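Taken together, the values in this text are just the output of simple stated rules run on the coordinates, not laboratory data. What you are looking at is a predicted structure, and each value in this text was computed from that prediction instead of being measured. Here the Cβ positions follow ideal geometry from the backbone for every residue, glycine too, while neighbour counts run over all protein chains shown.
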Amino acid sequence: MGERLYRCEGIILKRIDVGEADRIVTILTANGKIQATARGVRKTASKLSGHLELLSHCQLQLAVGKQRDVLTQSIAIERFDTLQLELVRMAAGYYVAELTDMLLADEDAAAQTYTLCLETLRALCTVQSVDMVLHWYTMQLCDAVGYRPQLTECAVCGQTLDSTAQLWSFVQGGMLCADCARSDIQAMRVSLSVFKVLRIVQRESLATVVGYTVPADVHAMVYQILRRWVMRQSERAIRSAAFLDDVRRQDLSSGA
Ligand SMILES: [Zn+2]
């Protein structure tokens with residue numbers, strides 16, 4: 001049989017069960033997203049099972065298929081096991097997987113997204129609090145795929161924003177100066193702390209960002225803005241957001 005095989009490295013973003021024992025797996029690679037069939041993977045004897053866990057970073061071998069390529073081999077390079085040990089980290093991982101799958105459409109952005117995603121998953125295993133990591137990833141991913149909000153200059157007139165800027169506009173695509181407030185009557189008033197966090201996660205490295213301590217109400221507002229921003233661009237709801245919010249609340253109330 002003249003099967004054409006190829007190898008690649010990737011991160012498992014999504015798994016959907018099909019038929020009796022198969023799974024369709026969405027894989028993020030540095031060259032784009034691949035959907036591949038993993039045949040018989042839900043049988044315990046399958047040599048693929050255990051090597052295709054959600055979010056694991058794998059070395060893969062695929063056979064070119066008519067409809068969809070077929071996974072023939074998978075070896076986990078990094079499994080990010082720590083994400084499975086705490087609900088908050090697990091929920092954060094799902095959130096990252098879903099956002100990536102939602103926003104990445106274009107192959108041009110794949111290499112950058114792949115690097116960002118790996119960096120983010122590693123951080124989620126080690127950081128004290130997942131919130132800044134998630135804000136950072138959401139903002140950087142938006143940047144990579146062409147949905148960068150305007151936070152340095154007014155989204156309407158382009159004048160440089162200072163610390164008095166308080167209005168965020170989904171319609172105009174970022175922060176507004178006081179003169180342009182009327183360009184969007186639905187613009188949201190945000191506190192200086194929220195504006196600062198948005199700017200930090202847009203400009204700074206992940207290592208820098210995780211060093212900031214931010215109050216819970218500011219996190220809540222940043223989540224709200226970034227999620228609505230993402231949903232506007234993708235025209236889809238973020239299904240894992242409710243689970244993340246639930247486990248974050250439990251975490252906060254248990255005094256963690
Ligand atoms: Zn303006």
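What is the extension gain from Cys8 to Arg228, computed as 0.36 nm multiplied by their sequence separation minus the C-alpha to C-alpha distance, in nm to one decimal? If you can, show how the numbers build up before the last one.
Numbers: separation 220, 0.36 × 220 = 79.20 nm, distance 3.37 nm.
That pair, Cys8 and Arg228, stretches by 75.8 nm at full extension.
The residues Phe243, Phe195, when put in order of fewest to most other Cβ atoms within 10 Å, stand as Phe243, Phe195.
Between region 123-191 and region 42-104, the C-alpha centres lie 32 angstrom from each other.
Sequence-distant contacts, meaning Cα pairs under 8 Å at least 6 residues apart, place the relative contact order of region 82-255 at 25 percent.
Sequence-ordered 3J(HN,Hα) estimates for region 27-34 from the Karplus curve with 6.51, -1.76 and 1.60 and θ = phi - 60° stand at 10, 8, 10, 5, 10, x, 9, 10 Hz, glycine and proline given as x. The sum of -39500 (n - 2.57) across all DSSP H runs of n ≥ 4, divided by the residue count of the chain, sets its helix-only mean residue ellipticity at 222 nm to -12000 deg cm²/dmol. Toward the positive end of the charge dipole of the chain, with +1 on the Cβ of Lys and Arg and -1 on the Cβ of Asp and Glu, the farthest Cα among Gly174, Ala144, Gln61 is that of Gln61.
Quick check: net charge around Val18, other residues with Cβ under 11 Å of its Cβ, Lys/Arg +1 and Asp/Glu -1? With Lys, Arg at +1 and Asp, Glu at -1, the net is +2.
Summing Lys and Arg as +1 and Asp and Glu as -1 over all other residues whose Cβ lies under 11 Å from the Cβ of Cys154 gives a net charge of -3. Evaluated over region 5-78, the count of Lys pairs having alpha-carbon atoms less than 20 Å apart is 4 (only pairs 8 or more residues apart or interchain).
GNM remark for the chain: springs join alpha carbons under 10 Å apart, and the peak mean-square fluctuation among Gly40, Gly174, Gly158 falls on Gly158. All other residues whose Cβ lies under 10 angstrom from that of Phe170 are scored, Lys and Arg at +1 and Asp and Glu at -1, for a net of +1.
Got a sec? How would Tyr6, Tyr95 order by Cβ neighbour count within 10 Å, fewest to most?
Numbers: Tyr6 11, Tyr95 24.
Fewest to most other Cβ atoms nearby, the residues stand as Tyr6, Tyr95.
Phi-derived couplings, Karplus 6.51 cos²θ - 1.76 cosθ + 1.60 at θ = phi - 60°, listed residue by residue for region 60-66: 10, 10, 10, 10, 5, x, 5 Hz, with x used for Gly and Pro. Backbone N atoms of region 89-127 closer than 20 Å to the 7 Å Cα→Cβ label point of Thr213 belong to residues 126-127. Given a Förster distance of 22 angstrom, what is the FRET efficiency for Ala63 paired with Arg15, based on the Cβ-Cβ distance and rounded to 0.05? The pair Ala63/Arg15 has a calculated efficiency of 0.75. Couplings for region 20-25, taken from phi via the Karplus curve 6.51 cos²θ - 1.76 cosθ + 1.60 with θ = phi - 60°, read 7, 9, 8, 9, 9, 10 Hz in order; Gly and Pro are left as x.
Treating only the Cβ of Lys, Arg, Asp and Glu as charged (+1, +1, -1, -1), what charge dipole size does the chain show about its Cα centre? Round to the nearest 20 debye. List each step's numbers first, then the result.
Values: 28 positive and 28 negative charges, 105 e Å.
Dipole of the chain, to the nearest 20 debye: 500 debye.
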